[in-house]
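Right, one structure below, let's go through it.
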Amino acid sequence: MKNLKLLALCAVVIGCLISCQKEDVTDTTLDEVTQQATKAQLEKLSKMGVNTEKVTIEDIPLPDGSKEKYLVSGDITIPVKNLEDYPDLLSLDGDNKQYRSDYIVAPQYRNIRILGWTGTGSTFDLTPKMQTALSWAVANYNVLPNTLNFTLTYGNDQSQADMVVYRVIGGAGGSAGFPTSAGRPNRYVRINSGLDSNTYSYNVVEHVIGHEIGHSVGFRHQDWYNRWSCGYTGPLPAEPSVSPAAIWISGTPWSPYADSIMLGCFNTGEDGEFTASDRDALNILY
Ligand SMILES: [Zn+2]
């Protein structure tokens, strides 16, 4: 009996030690890797049409090896130091159905020189699979009869590039930001190393890159207000009239269940191609 009691006490002590240690580790990791966004930063993101449920601040590496602080919401990344430069989405027309012009790429910046990062021998280099998928994604944009025009090269001289696509270590997916208030396209597009796994076809990588380029020229998520594609099961808004009405473009279907390259989450069956409404939206905006 005495032995049993001792055993139980030991178990309690050990249990406490383990749970306390766990807590410490978790706290340290959180402090080091992410920081909380301030209320003001969240309000600004909301005005920009960014989902603010799980926003963190992270140090993200740039391909030259430096790091920059970004606000991160899912795959959307906004540089902390430039946050106030980004336009709000509130100046919509009377029926909340149309984008105003200054948060898409301005006419003088629509010939976009896009650089696929290669040739440094670093982890930032795109893999051959990513390079091929990038060329397919860019071709999808260039075939559209609108004013956007991409010129794709590969290498590591950023000086002549408007947009830089590079690889970062991480699970499947990518990340990017929105055009600046000056009307320049978002500059850095990150493709996660996990996409090189055989789980993901070339078409899926094409989809992810096309999606991140979509953000870079002004697209929000088709399902930005609830991210149903990411497994959301709650109630849906009856009309896309919530403010800010970030994603809906006049002349395109607003249904949150409509297929689009701009859904918040993707799956392994993506074909990498625009839907008819994606093409409509791009041709209406540009
Ligand atoms: Zn996205």
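The values are calculated or read from the model by the stated rules, or taken from the named source; none is laboratory data. Not measured: the values here are computed from a predicted model. Don't worry about glycine lacking a Cβ; one is built from the backbone with ideal geometry, like all the others, and counts go over all protein chains shown.
What is the residue count in the range 149-168 for residues that are away from the ligand (no atom under 16 Å from the Cβ) and not in a loop (DSSP other than H, G, I, E, B)?
Residues of the range 149-168 away from the ligand (no atom under 16 Å from the Cβ): 149-162, 164, 166-167.
When the remaining residues are screened for being not in a loop (DSSP other than H, G, I, E, B), the result is 149-155, 158-160, 164, 166-167.
Residues that pass the stated criteria total 13.
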Yes or no: the range 174-191 includes at least one residue that is on the phi > 0 side of the Ramachandran plot, within 16 Å of the ligand (Cβ to nearest atom) and surrounded by fewer than 20 Cβ atoms within 10 Å (Cβ to Cβ). no
Sole exception among (1) touching a residue at least 12 places away in the same chain (Cβ under 8 Å); (2) more than 14 Å from the ligand (Cβ to nearest atom); (3) assigned to a loop (DSSP other than H, G, I, E, B) for G218, by number: (2)
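Could you tell me whether any residue of the range 113-124 is surrounded by fewer than 19 Cβ atoms within 10 Å (Cβ to Cβ) and either closer than 29 Å to I284 by Cβ or at pLDDT below 95 (or both)?
So far as the range 113-124 goes, yes, one or more of its residues are surrounded by fewer than 19 Cβ atoms within 10 Å (Cβ to Cβ) and either closer than 29 Å to I284 by Cβ or at pLDDT below 95 (or both).
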Got a sec? Which of G171, G183 is over 18 Å from S260 (Cα atoms), more than 18 Å from the chain's Cα centre (by Cα), in a loop (DSSP other than H, G, I, E, B) and among the small types (G, A, S)? G183
Answer yes or no: is there a residue in the range 135-144 that is assigned to a loop (DSSP other than H, G, I, E, B), over 20 Å from the mean Cα position of the chain (by Cα) and either over 18 Å from H215 (Cα atoms) or modelled with pLDDT of 95 or more (or both). yes
